[in-house]
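Read-outs throughout are calculated quantities, based only on the coordinates presented, and are distinct from any laboratory measurement. Remember, predicted model here, so these are calculated numbers, not experimental data. Here the Cβ is made from the backbone with ideal geometry for all residues, glycine too, and neighbour counts use every protein chain on show.
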Amino acid sequence: MYSDLTHRLPCALAWAIAAVVLASGSARADVTVQEQSTFDLSLVKARGTSTEYTTSDKQRRDSNLHCEGMMSLLCGNLGASEITRLDKDLVWTLVSKKKEYTEAHFPTPAERQAMEDKMKAALEKMKQCPAHQASDAPDPSKCQMSPPKIDARQTDKHATIAGHDTQMSELTLSESCHDASTNDTCEFRIILESWLTQDEIAGIADRKAFMQAHMQKLGLTDPDSSTQKMLQQFLAPYQDSLKTLKAKASDFKGYPLKTSIRILFGGEQCAKAKNAGSAAGTGTVSDASAAAGQAAATSSAAAAGAAATQAASGAAGNSVAGSIFGSAAGAFTNKLASGLFSKKSSTAAPAAPPAEVPANMVQFASITLETTAITSGPVAADQFEVPAGYKLVTPKKAEEKEFNCPTG
């Protein structure tokens, strides 16, 4: 897991972002957190549950995912258990069906430095590559993208979640694509809704303290690290909006118990949105929503749920929202805009619009993460050990490939 950091850059990036949010608690106690999740990514629909056990230096996460419909043939039921041991600087991943497990050690400072050097070298090579227009990138002659904009507001909506009163806060990233040849303008929106509670919940401070200690072990709290510098470049397009958002950040306080990420597109001057079935028939929107949904899911999950959803309480300062919005926006707009004005068409009937979707907008992806229970109390020590009878297996080391400029 940690031996090949190059392939886990998105996760590492999100952990680095989340580090700024977390503060250590003074009291130390065990805590158990149960969560449920739903994924609706056009053709892919899935539901998941997880149970997380945390002590001061140990954590275990048992998770299950069930795909629905035709996708159930590929991922009908997926389960995994991961044990993180800060006292041993390692992670065990359990495969219960085979009674096997893998062991991955945290990277040493030398290994982290080697990874950063490798990333720097790859970036330098990328800068030397000839200009290349990817086949799925928006055609500048047809699609003129507006600067991204982030808005924040605190609503008057309340809900009881896991026994606690919560109030919904909302962050929205929006961009528009204008086709000069037809005068069509289609807007893309990525909406993060976070339900925050003001209640003091026993065990939450301990969970945050573990996450902070975990990130320190991984070397992700160093402000001078290459990861942090890459993050600053990544968020550059959003700086103006984040400055505006910073003034409102104090209005969004509390602990998040539920977060929804929704991806929509449309607008009064967007002809394609008026025939969602046609766009879905071409594969344009289904590809776009799947790409964006996956990117958003990766960012939010990597931020360990609590950190990701806490974007509403400090998005401008900690940039968690930038991680989620940025990854999803890039994937979605590139996929969708490239096929938005294509001549392909289909007579498929548009799907019924989901609830609370603005007029002239169509929702193509949504992800919801919700805490169902938080219990503070002792966790059995054997939860953080490899079960008896499990066999240690060593995954094949990924083949290292030299970076080459894209062709074609």
Q) Roughly how many nanometres apart are two label points built 7 Å out from the Cα toward the Cβ at Asp165 and Ala180? A) 5.5 nm
Q | Asp199 versus Ala121: modelled label distance in nm, points set 7 Å from Cα along the beta carbon direction | A | 5.3 nm
Q: Enumerate the amide H contacts of Ile161 below 5 Å, restricted to partners 5 or more residues apart or on another chain; note that Pro and chain-start residues carry no placed amide H.
A: Thr166
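Which FRET efficiency value, to the nearest 0.05, is calculated for Gln269 and Thr155 with the Förster distance at 41 angstrom and r the Cβ-Cβ distance? Intermediate results must be reported in sequence, preceding the final value.
On the way: r = 27 Å, r/R0 = 0.67.
Step by step, r from the Cβ atoms, then E = 0.90.
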Q) What ranking do Phe188, Phe106 get, fewest neighbouring Cβ atoms within 10 angstrom at the top? A) Phe106, Phe188
Q: Using label points projected 7 Å from each Cα along Cα→Cβ, tell me how many nm separate Lys98 and Asn360, to one decimal.
A: 5.3 nm
Q: Taking the Cβ of Thr185 as the centre, find all other residues whose Cβ is under 10 Å away and add up their charges (Lys, Arg: +1; Asp, Glu: -1).
A: -4
Q. If packing is taken as the mean number of other Cβ atoms within 10 Å per residue, what is the order of 170-179, 59-68, highest first?
A. 170-179, 59-68
Q: Quick one: what are the phi-derived ³J(HN,Hα) couplings along the stretch 258-271, Karplus 6.51/-1.76/1.60 with θ = phi - 60°, whole Hz, x for glycine and proline?
A: 8, 9, 10, 10, 10, 10, 10, 8, x, x, 4, 9, 10, 5
Q. Counting Lys and Arg as +1 and Asp and Glu as -1, what is the net charge of the other residues whose Cβ lies under 9 Å from the Cβ of Ser81?
A. 0
Q | Calculated FRET efficiency for the pair Ala80/Ala114, C-beta based, R₀ 25 Å, to 0.05 | A | 0.30
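Counting other beta carbons within 10 Å of each Cβ, put Tyr390, Tyr101, Tyr255 in order, fewest first.
Going from least to most buried by this count: Tyr390, Tyr101, Tyr255.
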Q. What ranking do Val44, Val393, Val362 get, fewest neighbouring Cβ atoms within 10 angstrom at the top?
A. Val393, Val44, Val362
Q) Can you give the FRET efficiency for Leu90 and Gln128, using 1/(1 + (r/R0)^6), R0 = 35 Å, r = Cβ-Cβ distance, to the nearest 0.05? A) 0.35
